[in-house]
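Report on the structure given below.
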């Protein structure tokens, strides 16, 4: 219904960013071509942040004026649900496992705080920041550790952890260390996405198990039922939205509001009088409006703790920074992935600095620390993207009139602005008021199990690891002969996927133990593993086919110091210069990073809204 | 795994039937071209039966020798489950609603009896005969009616109903009245299939509701859960079997044994120690081996009843005959549908005579009367069909090497024989023995709710009515321009579908009342409605596009006296002869009945195993 009007509303006046980068910023942010001491990132503090702000500031006014379209409204409603529901879901878990320290009010406050800060000040307001399952995992693991010594210091200890984490954030931002994110490839980001998906599914199951052990069999079975049917409802509505049934406008409403419809229906279902009501399933635990869940003031008295704990908090703070370094930046990358026709630049250094600030404030107020939401990150951009379903008629050589018709969904424009993020934040603040808190308290925990399944499965279903496994087990003759994966030995594909799965399963395993806080080390270790070890195990061609830079958009790479030179490409170039066989097909050198990969081509066949939660 | 060997095992010695019909039978069975008194079916009794036997007898020996292939084994196992599980499901319902008169032993006995008779004596041994949901509906509706007067006469009254029904069966067979089945078109057979699908889903829900009211909330919710997951398991396994993942042999095992895997798993699941076992869901009620459920002798003392009731039973018997006339013959037609490359002839008159015999015996022994199973009917033929998945490479005009690859599944041969039906019958008899009855008694009712959903949904999902509705609501530009439905006005499609839905909903509504036994009248009334009224509302071209003869196979039509001349075709021909515009496209006259229709073409795109339970 709005396709006709929106493309025009995207303000094109500053020109397509990638073409006018030099013009807008004056100089390019680049260490690779610098000389002498200028090569060292640490020696030129704040350079990244400076360029980030300089690059984005000219677009600030258009970030407000571009917002006046229907897309923004749809985006606000969708993101409110997609942000709030998982946040509450993780909070239910965290609430139970941190001695009821972090509750619904803390989660809402943290989400609202992050939304305000990033929508107003963020270099990339498309990246939604909120409560993730991983910070919940972190918080309750720290709780388990502190419990061994003296649980009464938990609030102060968490506060110090946050203070140190904030300091590490600021150092990373100041020293331009976000640049290393450009080395992140699908190898680690797919592993991370799969890990997150599995953790979410596990969380959903744990929530159901809790219903059984806390409340008994009847609410347990009903919770299981509602969770499965909630999953089916959202999944089915989004599938219908991707079909060719109904008018495009109706399909769009179904896809935009699938969470809304499913949540309203299943919350109501749980309150049906009779057997459903009498099953007494559990609901969201809430306290008074704007009050902390525990009887305390919002401000944590962080000085009321032994000095030794301040130092113990240092490694914990470092690990949180490491988690956010990976998690937040990857979520920002996926929010700006290549399939979205973005025109405005982002800024990783500046946003990471801001994240340090929100971490600091969250620590002082005893809130869970917000950061970029990985599986939901692309949903915001997706909800702002104008899609046009076009008909592709493929003429075949089978004679007169023989043809195949396919719907091709093109992303024609993205409504890049700050307003949707900002209004969503206001809505979160509204949710903290009395009347809406009462509404929240009517929501059964079962719905959140369903949310866990939807979000988790969304991260698994389209994951490149899963796609490669399906490719290996598929009958080859039905796959297009141009498929690049055909040129890689099956053994090598399995080795590559096996290494990824090893990383994923190590993380999943460690997450179930008290060593869970160590998993960011594992995840981050995948980056050097990819850069230094994989080129020794795979040829440049094989890596070219199976792997790809996660940051592949020029506007994105500008903030990270330009595209990196990966070792296998450097090695191939050197051998090529010496006249040796490179194991690298001749045309690949220039094509590198531009060819579309297996999973993308597959998605291209159906609806291309790849960024959506569960596609 | 067996594709290589089977095509050779189909005995082609009697030649393809349709080409050698005259040779095999001597004369053709045909009233349309007869003269004088010979035109009247009633005046030439047993002619149909005589031709049926004469036509099929030469194939009898090959019906045994053709059976020695793996397909037969897969078919036996699949049909055992596909026949037994729904039969038990309907019996659970019937057991409760007929004062526990018809129980598991009666159902098994009736199924085994029918399998023995039709596998040994049937003209078309592919048609599986057993307990349907409709006879269950009939039996408990009669119970409700008799209950108003004197419930003690129920066994005798049912016996007399069966005796009269048998007599009507024999009259129909002797007077060659099965011929009118050739006038059955998709208009009524799709309506019937949709009606059956809806009734099955309702039965599944009723079974769940019963679990709640009889046993309480905890078993109720668990039953709902198992039913939904059982449905998902069978559905998912069959979908996987239709994909291109794994080797063809693995896919085949998944599709062949989807019921087996799902049933074994979910029966086991219901017995897991702990919360699942403690939920105390209900199981199949069984009594001693080979004993009637009630403390009675097998033989019903049908003379111990007031004479007036014998006469009251006449209309009931007639309605049962009417139900079976439609139900059994349509199930036989779908078992011999065009998508199966059958070479041996069937025989409707002879089989209907046999059905009279089984009805008679079932009545005397107090069994539910068996007849052809509508949604499961094509499954037997499907399980015996040798499919070969071929690669179709469609060259496109988009340049060098541009192509689209599609898996095309071809039915290359059907292992037409009697052995699978016979051995399945032996297996049913085996199930009546003590040890296997004990196994049956461990099966939770929840599994049968799942069976209801699978079988019911299978009848709905691929139904032509549903397909036409989807067509109307789809965006037209994505549908192939050659699609014949494009040539019919949307208004006319909706009118056509609306009439079908009116029939379906009337039947569903009446089935919920004590007038349920009248629904065969409604269903059968759709045939004359189609033949006499529809040609006045739709043009010949519209009917040609939207409707089709259900009996479209020449080998099948031979037993029904040849293809009928439908009124709209006759009218068009007459007008054509008078030189008027016919509203009928010139090429259609000769093509009539040969062109592939919308739903078939759609199915052709994916796996063409259209006969399977839920495709």
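Values quoted throughout were computed directly from the atomic coordinates according to the rules given, and no laboratory measurement underlies them. Nothing here was measured: the structure is a model prediction, and the numbers come from that model. Note: ideal-geometry Cβ built from the backbone for every residue, glycine included; neighbour counts use all protein chains shown.
Please say if the range B:390-536 is rounded, prolate or oblate, where rounded means a/c under 1.5 for a ≥ b ≥ c the square roots of the C-alpha gyration tensor eigenvalues, and otherwise the choice is prolate for a/b larger than b/c and oblate otherwise?
In terms of gyration-tensor shape, oblate.
For the pair the range A:165-207 / the range B:367-429, the C-alpha centres are spaced 49 Å from each other.
A Förster radius of 56 Å combined with the Cβ-Cβ distance from residue B:501 to residue A:476 puts the calculated FRET efficiency at roughly 0.80. Listed from fewest to most Cβ neighbours within 10 Å, the set A:88, B:565, B:365 follows the order B:565, B:365, A:88. Within 10 Å of the Cβ of each residue in A:236-249, the mean number of Cβ atoms contributed by other protein chains is 2. The protection proxy used here, the mean number of other Cβ atoms lying within 10 Å of each residue, ranks peptides A:524-531, A:224-231 as follows, highest first: A:224-231, A:524-531.
Mean per-residue shielding of peptide B:210-222 is 4, counting Cβ atoms of other chains within 10 Å of each Cβ.
Based on every Cα atom in the range A:393-435, Rg and the maximum pairwise Cα distance Dmax equal 23.5, 69 Å. Straightening the chain between residue A:397 and residue A:294 buys 29.9 nm, computed as 0.36 nm per residue apart minus the Cα-Cα spacing. The range B:472-506 and the range B:257-299 have Cα centres spaced 44 Å apart. Considering helices alone, the calculated mean residue ellipticity of chain A at 222 nm is -18500 deg cm²/dmol, with DSSP H runs of length four and up weighted by -39500 (n - 2.57) and normalised per residue.
Distance between the C-alpha centres of the range A:86-151 and the range B:69-136: 58 Å, rounded to the whole angstrom. Diffusion of the range B:51-105 by Stokes-Einstein, at 25 °C in a medium of 0.890 mPa s and with Rh set to the Kirkwood radius over alpha-carbon pairs, works out to 172 µm²/s.
How do B:576, B:541 rank when sorted from fewest to most other Cβ atoms within 10 Å of their own Cβ?
Sorted ascending by nearby Cβ count, the order is B:576, B:541.
Each of A:412, A:218, B:213 was scored by other Cβ atoms within 10 Å of its Cβ. Arranged with the fewest first, they read B:213, A:412, A:218. From the Cα gyration tensor of the range B:257-296, with a ≥ b ≥ c the square roots of its eigenvalues, which class applies: rounded if a/c is under 1.5, or else prolate if a/b is larger than b/c, or else oblate? It is oblate, given that a/c is not under 1.5 and a/b is not larger than b/c.
Shielding by partners for peptide B:468-478, expressed as the average number of C-beta atoms from other protein chains within 10 Å of each residue's C-beta, is 4.
Using a ≥ b ≥ c from the Cα gyration tensor of the range B:541-581 (square roots of the eigenvalues), is it rounded, prolate or oblate, where a/c under 1.5 gives rounded and otherwise the larger of a/b and b/c decides, a/b for prolate?
In terms of gyration-tensor shape, oblate.
The mean sequence separation of alpha-carbon pairs under 8 Å and at least six residues apart, normalised by the residue count of chain B, gives a relative contact order of 28 percent.
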